[in-house]
Amino acid sequence: MAKKSDNTTAGKGGEKQPGRLKQIGMVAKVVHKQSPRTIPIAVSVAILIFAVFIGIGIWTGSWIIWPLTGLPVAFLVGFIMFTRAAQRVQYQMLDGRLGAGMAILENMRGNWVVEPGVAANKQMDVVHRVVGRPGVVLVGEGDPGRLKGLMAGEKKRVARVAHDTPIYDFKVGNGEGQVPVSKLQRTLVKLPRNLDKSGTAELNYRLKALPAAMQMPKGPMPKGAKLPKGMRGNKAGG
C-alpha cells in the first residue's frame, strides 16, 4: 500500500476494525446494490469452471485430482471477477467528487509516498504530491483553469529540491487533457522508472526540507466543505 505522511494508526480511538470476511461482505452488499447481476455472474462462472474440471476428471478417470485442482481455480476466477466489479463500482461512486483522486492515491499498492493537499485555494482546488520510482507526480483536482497556476506554483516549489528529477503533473477529471479517476492508478504505474530505491529515498528526504503542507481531510470531500484558515493562505492561480 502507498505510504502516507500522517502515519495515522488504524483503529484510532479504540474502534475495532472489521475483519476481512466482514469487509468482503460489506463490499458485496455495495456491489450487489450498484450492479445486481455481477455477483450471480461471478458465481455462475466459478460453478461452470468447477463443473468442467469434474467432467474432465470423470472422463479421464482421475475424478479426485481434477476436482481438487478445479476448486481453487474456480474460486480464484470468481473472486477476480468480483474484485474487478468492486473496483468499477468504487470508481463510479468516486467519479466527480472532490477528493476522489486522493482516495485512489492513498490506496495504491507499491512504494509510493503520498502527500495529500500540498497546495489548495479557497475554491477547493487541490494538488496532491506523490513520490515514487518515476520521480515526483503532482495530481490536481478541481477546475482545470485554476489548477494550471496552482500546479505550476507547486511544480516550481518542488523543483527547488528535486533538481533533475522528473516532475509529472495530471489533472483528475473527464474533460480533455484530464485523467479519469478509473485510470489514475494505471497512469501512474505506467510511468517510466527513473529512480532506484535509494534515489527515491533521497528525493523524499530532500522534499522534507520544504515547509510542511496543510493536510487535507481523507476521502472524498463533502459538498460545501470549507478549507481551514491555514490552507486558505496557501493559494496560487486561484
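The values are calculated or read from the model by the stated rules, or taken from the named source; none is laboratory data. Note that this is a predicted model, so its numbers are computed, not measured. Note that each Cβ is placed from the backbone with ideal geometry, even for glycine, and that neighbours are counted across all protein chains shown. Surface areas here come from the heavy atoms of the whole protein model, side chains and all, with no ligands, DNA or RNA. Shrake-Rupley method; radii C 1.70, N 1.55, O 1.52, S 1.80 Å.
Data for the structure
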item: Solvent accessible area, Å² - residue 164, 1.4 Å probe, full protein context; result: 150
item: Amide hydrogen neighbours beyond the local backbone of residue 171, cut-off 5 Å, H modeled; result: 140, 179
item: Note, ³J(HN,Hα) from phi for segment 46-63, Karplus 6.51, -1.76, 1.60, rounded to Hz, x at Gly and Pro; result: 4, 5, 4, 5, 5, 5, 5, 5, 5, x, 5, x, 5, 5, 8, x, 9, 6
item: Fraction of the pair-distance distribution of segment 144-186 above 17 Å, Cα-Cα pairs, percent; result: 42
item: Proximal charge balance of residue 160 [Cβ under 14 Å; K/R count +1, D/E count -1]; result: +4
item: Solvent accessible area, Å² - residue 115, 1.4 Å probe, full protein context; result: 40
item: Evaluated at q = 0.13, 0.15, 0.18, 0.19 Å⁻¹: base-10 log I(q)/I(0), Debye formula over Cα of segment 100-209; result: -0.43, -0.58, -0.85, -0.95
